[in-house]
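Below is one structure, written out as structure tokens; the observations come after it.
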Amino acid sequence: MPSLSKSFAFIQFAVMTTVFSMGTLAGAAEYALDPAHTEVGFSVKHMMISNIKGRFAKVEGKFQFDEAKNDLSDVDVKVDVASISTNDVDRDNHLRTPDFFDAKSFPNMTFKSEKVEKVNGRPSKVTGKLTIRGKTNPVTFDVVEYNGPQPDPKGKVKYGFSLRGEINRKDFGINWNKTLDKGGVAVSDKVNIQIDGEAGKATLASAAKQ
């Protein structure tokens, strides 16, 4: 029969283990973007009269999120610029050249968050560093929609979100343009960015592979 001291030590160890486990379950968890349900898009003014829209097919990213506190942090996104699509093959090929993204020399554009502001306890603005063509500038995205948690058909918790931002492409060395005969230019300097996505806990995805 175990001694009283050994029994007490075992109970103490069990309690400490339970508290530690609860502590690790609480707090922020890593979430990964679901590429099948995430899209990074943009729109620019064409010939000063219409908006041309495009998207990038290959996106990956992760972030930390505390469900209890609605704390978002460490947003880290990478986009394959060669995966650009504007529904016009010739235009897409031009956008991959050094006139625009120079996809061979700079295959990815990235965003890494530095600050997240909240309004009424929910993420409202995400500010960080955006890098395109090797040039990095601060950018702030407005969180215009944020939904979840919602279990998917497999029981995995998912969050959905929509972010909007605006940049000047010349800040990133994308300077190509053409002057129109009647004034104005072919492509606006201002670019609107739209990010619509879905993410689930990265730990669940890792566990499923083991």
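The values are calculated or read from the model by the stated rules, or taken from the named source; none is laboratory data. Bear in mind that the values here come from a model prediction, so they are computed numbers and not experimental data. Note that each Cβ is placed from the backbone with ideal geometry, even for glycine, and that neighbours are counted across all protein chains shown.
Cβ-Cβ contacts under 6 Å between residues 6 or more apart (or on different chains), taken from a first residue in region 104-118 that is more than 25 Å from Lys58 (Cβ to Cβ) to a second residue that is charged (D, E, K, R), are listed as Glu117/Lys125. Residue under question is Ser85, and the condition is that it be under 17 Å from Ser162 (Cα atoms), small (Gly, Ala, Ser) and surrounded by 13 or more Cβ atoms within 10 Å (Cβ to Cβ); does it hold? In short, no. For region 161-181, a residue qualifies if it is over 25 Å from the mean Cα position of the chain (by Cα) and farther than 19 Å from Ala103 by Cα, and the qualifying residues are Lys178, Thr179, Leu180, Asp181.
Yes or no: Ser113 in contact with a Phe, Trp or Tyr (Cβ under 8 Å, 6 or more places away or on another chain) and of a type in the set (Ser, Thr, Tyr)? Taking the combined requirement at face value, the residue satisfies it. For region 76-116, a residue qualifies if it is in a strand (DSSP E or B) and closer than 15 Å to Gly41 by Cβ, and the qualifying residues are Val77, Val79, Asp80, Ile84, Ser85, Met109, Phe111.
Once region 184-209 is narrowed to residues that are of a type in the set (Val, Ile, Thr) and modelled with pLDDT of 90 or more, the residue that is farthest from Arg91 (Cα to Cα) is Ile195.
Among residues of region 144-171 that are within 15 Å of Lys201 (Cα to Cα), those with a beta-carbon under 7 Å from a residue that is surrounded by 13 or more Cβ atoms within 10 Å (Cβ to Cβ) and aliphatic (A, V, I, L, M) at least six positions away or on a different chain give the pairs Pro149/Val157; Pro151/Val157; Lys156/Leu204; Lys158/Ala199; Tyr159/Ala199; Phe161/Val143.
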